[in-house]
Amino acid sequence: MRSIPFILLFFIGLFSYAQQAYYDGIDFTLPPEQLYSILQEKLEDYHTSYTYGEARDMMKVADKWKEDSSQVVLIYGFDDEDNDCTTDYTRNNNHFGGQNCEYNREHVFAKSLANPPMGQSNNNTIGIAADPHNIRACDQRANQIRGNKRFGPGSGNARVIGNHWYPGDEWKGDVARMMMYMYVRYDKRCLPTLVGEGPTQGASNMLELFLKWNIEDPVSYIEIQRNDYIEDTYGSRNPFIDNPYLATMLWGGDAAEDTWGILNTADQVWQESISVYQSSTSDNIWIESSTGNTDYTYTLYNLTGQEVLHNKSSTKSKQEIPTNNLAPGVYILSIQGGNSSVNRQILVK
């Protein structure tokens, strides 16, 4: 069998088997409103008994520093060399508490900014105030300085600018993707406009600021580490960590990084002229060109990168691909035309 093309190898390498299982059955080609609703339904399916007390222990693993597992990484931190604990990048994972040079639990979407507010937290609290996707290890003093200030623009290290809080160049992408998760998970209760400043993207509720930060600060190892651990213990993932381009799909704006390599193509116009859908009476796949006859080739791959249908060329404006000989599962349909390509996720039942 021929090996999968580079763009799909890139997809397979970053779209882990854990992610494949988690997103199995989701059609990422749906219109933004429908995709938003489906992702929301997916995120609602989690272990509701998870407590705020467990989040304290979760941070020791989820936020551990890659260079020393006895240390946790502190959001907003940037300097371990000075004598100011407030700026520390890491902290001994046993130094948890509310005293000077200890770390505690930062609600990145501040509890009081939600509508209605999340309320007070104790170790038995469950629900939104205990959601580990919104809780990060943070120096207690830095947590206090941030308070419930809304996020706003800036550059450099974390600090107060005017009346808002800039999380720092290293953390602004983390913050943006967490706020995107909170919005999709809790809908209008956690509107981005409640927690950040500036204009929204078009007619959406998403801040241009968060979309900008999502592009400028790529996903870090700590975000991936947290996402995998939280799924194992809590049952849900942050989709915007798995693929920042999902934010572009939902809310528009400049294109973020497409870490799966299947959602964004070089030639948007050509991509939009090609539609892929499945028959209402069978699992057969249809490829249709809105511009009439189009010279293209198509290849179907499974998620291990093996070709399951040989390359076939077509000049038909509408082409059917039978799936009766395919095993149930998720496949990638790669359509090549000229110098452009379209890649679509296909579910065979």
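The values are calculated or read from the model by the stated rules, or taken from the named source; none is laboratory data. Just so we're clear, the structure is a prediction, and the values are computed from it rather than from any experiment. Neighbour counts run over all protein chains shown; Cβ positions are idealised from the backbone, glycine included.
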Would you mind listing the strands (runs of 3 or more DSSP E) fully within segment 57-145 where at least 1 residues are over 19 Å from residue 158 (Cα atoms)?
68-73, 90-92
Pull out all pairs, ordered by first then second residue, where Cβ-Cβ is under 7 Å, the residues are six or more apart or on different chains, the first lies in segment 45-66 and is in the same structural domain as residue 174 (by TED's automatic domain parsing), and the second is charged (D, E, K, R) and surrounded by 17 or more Cβ atoms within 10 Å (Cβ to Cβ).
55/105; 56/105; 62/226; 63/136; 63/226
Selection within segment 162-172 - surrounded by 21 or more Cβ atoms within 10 Å (Cβ to Cβ) and part of a strand (DSSP E or B):
165, 166
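Among the candidates 79, 88, 131, single out the residue that is in the same structural domain as residue 238 (by TED's automatic domain parsing), closer than 24 Å to residue 151 by Cα, of a type outside the set (Phe, Trp, Tyr) and touching a Lys or Arg at 6+ places or on another chain (Cβ under 9 Å).
Every option except 131 fails the conditions.
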Given (1) buried (at least 21 other Cβ atoms within 10 Å of the Cβ); (2) at positive phi; (3) modelled with pLDDT of 80 or more, number of the condition residue 323 does not satisfy
(2)
Looking at segment 152-161, can you tell me whether even one residue there is crowded, with 19+ Cβ neighbours inside 10 Å, assigned to a strand (DSSP E or B) and within 23 Å of the chain's Cα centre (by Cα)?
no
The condition of being within 22 Å of the chain's Cα centre (by Cα), within 21 Å of residue 208 (Cβ to Cβ), of a type in the set (D, E, K, R) and modelled with pLDDT of 95 or more holds, among 177, 189, only for 177
